[in-house]
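The values are calculated or read from the model by the stated rules, or taken from the named source; none is laboratory data. Quantities reported herein were computed from a predicted structural model and do not represent experimental measurements. Cβ coordinates were reconstructed from backbone atoms using ideal geometry, including for glycine residues, and neighbour counts include every protein chain displayed.
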Ligand code: ASP
């Protein structure tokens, strides 16, 4: 039995939590390979080491040398090592790292040092080998080179009963360090799990798994015991940020279950993420609700649009020219709309896009709805139950909210509802009450 364990930033935030990590690892001999993040926040208002390292890269760019931000990074690591009393010459390592950041001079390299140093410390604490992710995680054309990375990780870990791998970064085809997007140590953990054919990928964080909706909107929502990879992808894409949404792919292809666990409450069951074949819904219609604000809907109407072949290509070409991706594209016989993240439409881009689409397709009508929030109602249970849509829209209507857009994913796994930004929280609460409180046997 092999488990790969990834520990997030809060689990590495100080010496005491690093010792908790060691205890968790020692408690189960299957926990053989460990992936670590850089130290995160110790308290609200604290600054993550990764953010300080991006600041360090700016300092180096401006003045050629590391400055105050790096001094804060160094102080964090010195205090962690002091609390652990391990035989690691942290001063020399920090000095060497500062020179390397000055020499390399780019943001990805600077940011990657957070995980590199965390990994060195954890390896010293556990007295196991350290694997530099630069040697085993490879990028090609800006994307992960999965095949090569799996085989290099496998080779590097072969014959090693335990080891620590630094998260978040790898090396591109030109030999330069490159990072994943923020939160990307989750992806490294998934790569290692896949490479060694793990029985489980344990992702240790500071919450006890996924909740059915955002606890800042609904106090104490129920926890999700089991999720499918597909449900996870939908929920994390739409803002449930417990796990990086790209971390799903490597393990999903190999059917390796993920378990989200809490370093600060290791006895909690957490959330288990499995393939659809192993998914046994607990009888709930909806598994979870997530959402995001600030979308724009561009709505087009043209009579007999359905008879014109290639019609949709024309507005899509305009979007492509502006390098804009769309989230959803609901359509009718004579209508077509695009739901787009508003952040890409600022500074006059929206007006340009509308003008160009107007010219390209001469629509009967073109209109724009701004400040739209999307709510994703996700669950395999929905397609087996009659009346789900009626309940969903009934709940939103009873909350006095007007629905601006609907899109049902073709997988029948999700229904996306667009409402005005100002009605976002109220709608989530209404949907939660309908599917979680009303469905509760104690209701
Ligand atoms: N340290 C990186 C970040 O803050 C990566 C990670 O923690 O997963 O985004």
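Brief remarks on what is shown
- One residue stands out among those in the stretch 294-330 that are assigned to a strand (DSSP E or B) and surrounded by 17 or more Cβ atoms within 10 Å (Cβ to Cβ): the one that is modelled with the lowest pLDDT, which is 328.
- Residue match in the stretch 117-131 (condition: within 16 Å of the ligand (Cβ to nearest atom), under 23 Å from residue 59 (Cβ atoms) and touching a strand residue (DSSP E or B) at 6+ places or on another chain (Cβ under 8 Å)): yes
- Each residue in the stretch 331-376 was checked for being loosely packed, with under 14 Cβ neighbours inside 10 Å and closer than 13 Å to residue 305 by Cβ, and 5 of them qualify.
- Some residue of the stretch 144-154 being more than 16 Å from the ligand (Cβ to nearest atom), outside any helix (DSSP H, G or I) and either at negative phi or out of contact with any helix residue (DSSP H, G or I) (no Cβ under 9 Å at 6 or more places or on another chain) (or both): yes
- Selection status of residue 104, closer than 21 Å to residue 55 by Cα, surrounded by fewer than 18 Cβ atoms within 10 Å (Cβ to Cβ) and either under 21 Å from the mean Cα position of the chain (by Cα) or modelled with pLDDT of 95 or more (or both): no
- In the stretch 390-402, the qualifying residues are those that are surrounded by 15 or more Cβ atoms within 10 Å (Cβ to Cβ) and in contact with a strand residue (DSSP E or B) (Cβ under 9 Å, 6 or more places away or on another chain), and the one that is nearest to residue 308 (Cα to Cα) is 393.
- Meets criteria (away from the ligand (no atom under 15 Å from the Cβ), surrounded by fewer than 24 Cβ atoms within 10 Å (Cβ to Cβ), farther than 28 Å from residue 196 by Cα and at pLDDT 95 or above) for residue 23: no
- In the stretch 234-257, the residues that are within 14 Å of residue 272 (Cβ to Cβ) and in contact (Cβ under 8 Å) with a residue 60 or more places away in the chain form Cβ pairs under 7 Å with partners that are outside any loop (DSSP other than H, G, I, E, B) and within 16 Å of the ligand (Cβ to nearest atom), at six or more places apart or across chains, as follows: 251/190; 251/193; 251/201; 251/258; 256/193; 256/201.
- When residue 111 is tested against the conditions (1) more than 16 Å from the ligand (Cβ to nearest atom); (2) under 28 Å from residue 25 (Cα atoms), the lone failure is (1).
- If you go through the stretch 286-321 and keep only what is without any contact (Cβ under 8 Å) to a residue 60 or more places away in the chain and touching a helix residue (DSSP H, G or I) at 6+ places or on another chain (Cβ under 6 Å), you end up with 311, 314, 315, 318.
- The set of residues from the stretch 129-138 being in contact (Cβ under 8 Å) with a residue 40 or more places away in the chain and either under 9 Å from residue 164 (Cβ atoms) or surrounded by fewer than 24 Cβ atoms within 10 Å (Cβ to Cβ) (or both) comprises just one member, 134.
- Test for residue 51: is it assigned to a helix (DSSP H, G or I), in contact with a strand residue (DSSP E or B) (Cβ under 7 Å, 6 or more places away or on another chain) and within 16 Å of the ligand (Cβ to nearest atom): no
- Filter result for residue 64 (within 20 Å of residue 121 (Cβ to Cβ) and either away from the ligand (no atom under 15 Å from the Cβ) or modelled with pLDDT of 95 or more (or both)): no
- Of 189, 184, all but one fail to be more than 24 Å from residue 269 (Cβ to Cβ), under 18 Å from the mean Cα position of the chain (by Cα), modelled with pLDDT of 95 or more and within 16 Å of the ligand (Cβ to nearest atom); the exception is 184.
- If only residues of the stretch 155-181 that are in a loop (DSSP other than H, G, I, E, B) and within 12 Å of the ligand (Cβ to nearest atom) are counted, the one that is nearest to residue 32 (Cα to Cα) is 167.
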